[in-house]
1. Considering the chain as a Gaussian network with a 10 Å cut-off on Cα pairs, which listed residue, ASN287, ASN42, ASN249, attains the greatest mean-square fluctuation?
2. Please tell me which of these pairs span more than 30 angstrom C-alpha to C-alpha: LYS175/LYS323; LYS118/LYS218; LYS236/LYS326; LYS117/LYS306; LYS140/LYS256?
3. How far, in nm, would the chain grow between LYS256 and ARG104 when pulled straight, counting 0.36 nm per residue and subtracting the alpha carbon separation?
4. Taking 22 Å as R0, compute the FRET efficiency from the Cβ-Cβ separation of ASP83 and ILE321 and round it to 0.05.
5. Express the relative contact order of segment 157-245 as a whole percentage, based on alpha carbon pairs under 8 Å and six or more residues apart in sequence.
6. With all protein chains present and a 1.4 Å probe, how do ASP253, ASP202 order by accessible area, largest first?
7. For every helix of n ≥ 4 consecutive DSSP H residues, a contribution of -39,500 (n - 2.57) applies; sum these over the chain, divide by its total residues, and give [θ] at 222 nm rounded to the nearest 500 deg cm²/dmol.
8. Determine the distance separating the Cα centre of segment 97-154 from the Cα centre of segment 188-208; give it in Å without decimals.
Amino acid sequence: MNPIESTLRSVLIFFISFLGKVLNFILAKFQIKKRNVETDNNLIPKSVNYHFTRVCNYSCGFCFHTAKTSYMLSLDDVKIGFDMLKKAGMEKINFSGGEPFLPRRGEHLGEMVHYCKKYLGVSVSIISNGSLIRESWLKKYGKFVDILAISCDSFHEETNKLIGRCQGSRNHVQKLYQIRDWCKEYNILFKINTVVNTYNQDENMIEEIKELDPIRWKVFQCLLLEGENVGPEALKNAENFYINEETFNAFLDRHKTVKCLVPESNTKMQNSYLILDEYMRFLDCQNGWKIPSKSILDVGVEEALKFSGFDEEMFKKRGGIYKWSKEPERLSW
């Protein structure tokens, strides 16, 4: 094959691939719209996950909400969105990122948890890598937080470095234990999230998890999403981190004696979260990539929910309903 034929062949392959993606996108939008018009008119956003920033100080290789933009809504706009969600039926909000403690050294997050807890009365949780959490922040805002979840994929620092869950000389595991102690002191429910991948798939964490004693240990299978951590437009390539369901189940079986373990395979996880991005758009992940709705600030919660791809039955099946509040008299729905 001469150079001209080779070039033409490459262009043709690229064009066919691009056309396929466009057609899949159009078909997915049509299917989502049809399905939601038929079934989701009464969907209530009781538990919302707000990824208000994409920026992070860690570089986890499998991250599926990457720093494709540094955009972040103003607090005034965010509060309008919170009011709309509360009016639509929100009972719990989970703040995530990126790293939520990064903007303004945690003050942006602090003002949001304060508003949601004090003025809206909803349950508040946070997912963080933990590295930037300070005791002074917990003294100031801890009373407005019900659950603090820390991501930890290994109890070996070398493994954490291979994964990218590190920054400089910070010791991720030591900080995890320190945060556990702070949570006890400031009356915050402590939780751990772990992503099972090729670097930690053979690790036995039973002893450490039982010692840390979180209220829940969420164990996820590494998830691939086109445009985020796989594919030509992605900032990361997580294919080397991906494990199949058999390997994931072997990890779960090894840890079956841990009572607080809550497993989430890709099947359970992908469509069972109501995710708001940094623009307050719901993200539909059901076709293997993220398709955003219009912002709730522009079209309202009810209209945006029609394009969320949310599977409420799977949300319930995976254990999304549990005690969300640290207040003893308040239970989940």
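1. ASN42
2. In this structure, LYS236/LYS326; LYS140/LYS256 lie more than 30 Å apart at Cα.
3. Residue separation times 0.36 nm, minus the Cα-Cα distance, leaves 50.7 nm.
4. The pair ASP83/ILE321 has a calculated efficiency of 0.35.
5. 24 percent
6. From most exposed to least exposed: ASP202, ASP253.
7. -11500 deg cm²/dmol
8. Centre-to-centre distance over Cα atoms comes out at 21 Å.
The values are calculated or read from the model by the stated rules, or taken from the named source; none is laboratory data. This is a predicted model, so every value here is computed, not measured. All Cβ positions, even for glycine, are placed from backbone atoms using ideal geometry, and neighbour counts span all protein chains on display. Each accessible area value is taken on the protein alone, full model and side chains, heavy atoms only, with ligands, DNA and RNA left out. Shrake-Rupley method; radii C 1.70, N 1.55, O 1.52, S 1.80 Å.
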